[in-house]
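The values are calculated or read from the model by the stated rules, or taken from the named source; none is laboratory data. A quick note: this is a predicted structure, and the numbers were derived from the prediction, not measured. Backbone-built Cβ (ideal geometry, glycine too); neighbour counts: all protein chains shown.
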Amino acid sequence: MAYEPNLKKKYREEIIPILTKEFNYKSVMQVPRLSKIIVNQGIGQATADKKLIDTAQEDLSSITGQKAIQTLSKKDISNFKLRRKMPIGIKVTLRREKMYEFLERLVNVALPRIRDFKGIPAVLDGRGNYTLGISEQIIFPEIDIDKINKILGMEITFVTSAKNDEEALSLLKEFGLPFKNIKKN
């Protein structure tokens, strides 16, 4: 039997029936699903220190379990000492099993390690997608704090197939994301 992540199994067995009942879907195919998770780090200081991008790329690869790619600048900006096609960030796009594994580690291990954590804001983009900003990469247990020379933040974007924010918020809440002050209209 093939390996199946816990959250994928939970989605199939628990979340689909809950959302079908809540939004009165006629078919299982109407139920919103998590399409992909994009983890992005913008590293503006990389223009001065070239090794910073390489260490950040290794860190992000160990956090996500997938090789991170560099994002390059699109144009020259002399005020920022930026040249075209210079690496200024890194990103990883997670899908399928790795996406569910990362989400489970994020919810169960990384977010509870944030100091004075009171939940994440429930503000979506209007199209059913959610972006979570994290100020330190050291909340992930894969990172060795002794080897960190610069604390960097990251953005984690959850892309769903939901038609609106209400459906996406219900989906992400069922996956276990700890939202604070959710308002019902």
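Looking at 177, 111 in this structure, which one is surrounded by 15 or more Cβ atoms within 10 Å (Cβ to Cβ), at pLDDT below 85, within 30 Å of residue 54 (Cβ to Cβ) and not charged (D, E, K, R)?
Result of the check over 177, 111: 111.
Given the conditions (1) over 20 Å from the mean Cα position of the chain (by Cα); (2) under 22 Å from residue 131 (Cα atoms), and given that residue 22 satisfies all but one, which numbered condition is not satisfied?
(2)
Taking into account only those residues within region 114-131 that are free of Cβ contacts under 8 Å to residues at least 40 places away in the same chain and either polar (S, T, N, Q) or surrounded by 16 or more Cβ atoms within 10 Å (Cβ to Cβ) (or both), which is nearest to residue 32 (Cα to Cα)?
Taking the candidates together, the pick is 129.
Inspect region 153-161 for any residue being small (Gly, Ala, Ser) and not in a loop (DSSP other than H, G, I, E, B) and give the result as yes or no.
Pass one, region 153-161, residues small (Gly, Ala, Ser): 153, 161.
Then drop every residue that is not not in a loop (DSSP other than H, G, I, E, B), which leaves none.
Within region 153-161, none of the residues are small (Gly, Ala, Ser) and not in a loop (DSSP other than H, G, I, E, B).
Could you tell me which numbered condition residue 51 fails, if it satisfies all but one of (1) surrounded by fewer than 16 Cβ atoms within 10 Å (Cβ to Cβ); (2) touching a residue at least 40 places away in the same chain (Cβ under 8 Å); (3) more than 22 Å from residue 155 (Cβ to Cβ)?
Status for residue 51: all satisfied but (2).
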